[in-house]
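> For reference, the structure I am asking about is given below.
The values are calculated or read from the model by the stated rules, or taken from the named source; none is laboratory data. If you're wondering where the values come from, they're calculated on a predicted model, not measured in any experiment. Because the Cβ atoms are built from the backbone with ideal geometry, glycine has one as well, and the counts that use them run over all protein chains shown.
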Amino acid sequence: MRLRCAVLDDFQRVATEMADWSAVSDDVEVVSFTTHLDEDALARVLAEFDIVVTLRERVPFPASLISRLPRLRLLVASGMRNSVIDHAAAEAHGVTVCGTASSSTPPVELTWALLLGLARGIVEESNALRSNGPWQSTVGADLEGRRLGLLGLGRIGSRVARVGLAFGMRVSAWSQNLTRERTDEVGVELAPSREDLLRDSDFVSVHLALGDRTRGLLGPAELALLKPTAYLINTSRAAIVDQDALLAALHEGRIAGAGIDVFDVEPLPADHPMRSAPRLLATPHLGYVSQANYRTYYAQAVENIQAYLAGSPVRRLP
């Protein structure tokens, strides 16, 4: 009897095209789901599946869901970090959890797409051109000589920094454990404090992992430190920035704009205030969505399934 494998949130309908699933087709029936499902719907739909492939952290797997999936034996997450899977519950129910590699290049590129789109009014000008609107209605913000402040200087932040330097920007960085040795290595300045970085920067970009120390790191008081001409970019995790405080800053014109790829609820409900906020360039969590990443995710998902069926080690999450 063939096992059944569910591939979740295949919005673009490409999961079966991005990898060769024939290696497991004799033993596994693969079913792709192209719409997002809530927990109750997942419990009903996945009750007959033995394997689930989930994309990044789009779908939470709390204990309450895992306990309702009696056949589930293998849960494959894309990437090697997933905060929305209850690993203890999975272990208690005999579910093996594994992951895949994930490139940091796509979120670096999207960060700069958002930053440049904001700085040069790309969306407004393109929409005006297509609708026979005014010919030139914005004046772009320059990058050369401006300060780019980075919250986090890890794999992604350091690569964002190097692009900023190539644009002739003055780049500084801050995080709680950041050292001068690290900033010297990347060739940027170490900000004396989070407050100094926010106060001095023309563009602030968030590149921190979400944890107890970073949740709500940018609240009303911190956002109030930004210049009225400053832009905020967040391609990391929504919970690092207080969403209500950000909406208030945008509506009141206390910052020039924000480029946001991550949200407190995903996909965004139709009536979510982020959909209509002014001064906002928003994308639907595209940071990791690229052809190269998808090929890696699904190819290594197949490899994990093969290994599991053969009784060999899978790529377990840390």
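> Kindly list the number of the only condition in (1) touching a Leu at 6+ places or on another chain (Cβ under 8 Å); (2) under 18 Å from Thr229 (Cα atoms); (3) assigned to a helix (DSSP H, G or I) that fails for Gly149.
With (1) touching a Leu at 6+ places or on another chain (Cβ under 8 Å); (2) under 18 Å from Thr229 (Cα atoms); (3) assigned to a helix (DSSP H, G or I) applied to Gly149, the lone miss is (3).
> Then there is this: Determine which member of the set Ala248, Ala221 is within 27 Å of Arg170 (Cβ to Cβ) and among the aliphatic types (A, V, I, L, M). Give the steps one after another, and end with the answer.
Values: Ala248 fails: within 27 Å of Arg170 (Cβ to Cβ).
Ala221 is the lone residue from the list that is within 27 Å of Arg170 (Cβ to Cβ) and among the aliphatic types (A, V, I, L, M).
> Still on this structure: If the requirement is being crowded, with 17+ Cβ neighbours inside 10 Å and under 30 Å from Ser25 (Cβ atoms), which of these qualifies: Val241, Val262, Val204, Val314?
Of Val241, Val262, Val204, Val314, the one residue that is crowded, with 17+ Cβ neighbours inside 10 Å and under 30 Å from Ser25 (Cβ atoms) is Val314.
> Assess whether Leu118 counts as being outside the structural domain of Ala19 (by TED's automatic domain parsing), surrounded by 15 or more Cβ atoms within 10 Å (Cβ to Cβ) and in a helix (DSSP H, G or I). Steps first, answer last, please.
On the way: outside the structural domain of Ala19 (by TED's automatic domain parsing): yes; surrounded by 15 or more Cβ atoms within 10 Å (Cβ to Cβ): yes; in a helix (DSSP H, G or I): yes.
Answer is yes for this residue.
> Of all residues in the range 159-172, which are more than 20 Å from the chain's Cα centre (by Cα) and either of a type in the set (D, E, K, R) or buried (at least 19 other Cβ atoms within 10 Å of the Cβ) (or both)? Break it down stepwise before answering.
Of the range 159-172, the ones more than 20 Å from the chain's Cα centre (by Cα) are 162, 164-172.
Across the range 159-172, the qualifying residues are Arg162, Gly164, Met169, Arg170, Val171, Ser172.
> Every residue in the range 1-19 that is among the charged types (D, E, K, R), in contact (Cβ under 8 Å) with a residue 24 or more places away in the chain and within 14 Å of Leu55 (Cβ to Cβ), please. Don't jump to the end; show me each part of the working.
Of all residues in the range 1-19, those among the charged types (D, E, K, R) come to 2, 4, 9-10, 13, 17.
Cutting the leftovers down to in contact (Cβ under 8 Å) with a residue 24 or more places away in the chain gives us 2, 4, 9-10.
Asp9, Asp10 - these are the residues of the range 1-19 that are among the charged types (D, E, K, R), in contact (Cβ under 8 Å) with a residue 24 or more places away in the chain and within 14 Å of Leu55 (Cβ to Cβ).
> Okay, moving on. Of the residues Ala230, Ala301, Ala270, which is assigned by TED's automatic domain parsing to the domain that holds Met18 and either surrounded by fewer than 19 Cβ atoms within 10 Å (Cβ to Cβ) or in contact (Cβ under 8 Å) with a residue 24 or more places away in the chain (or both)?
Ala301
> Something else now. Could you say whether any residue in the range 147-158 is farther than 16 Å from Ser205 by Cβ, surrounded by 13 or more Cβ atoms within 10 Å (Cβ to Cβ) and at pLDDT 95 or above?
Kept after step one, since they are farther than 16 Å from Ser205 by Cβ, are these residues of the range 147-158: none.
There is no residue in the range 147-158 that is farther than 16 Å from Ser205 by Cβ, surrounded by 13 or more Cβ atoms within 10 Å (Cβ to Cβ) and at pLDDT 95 or above.
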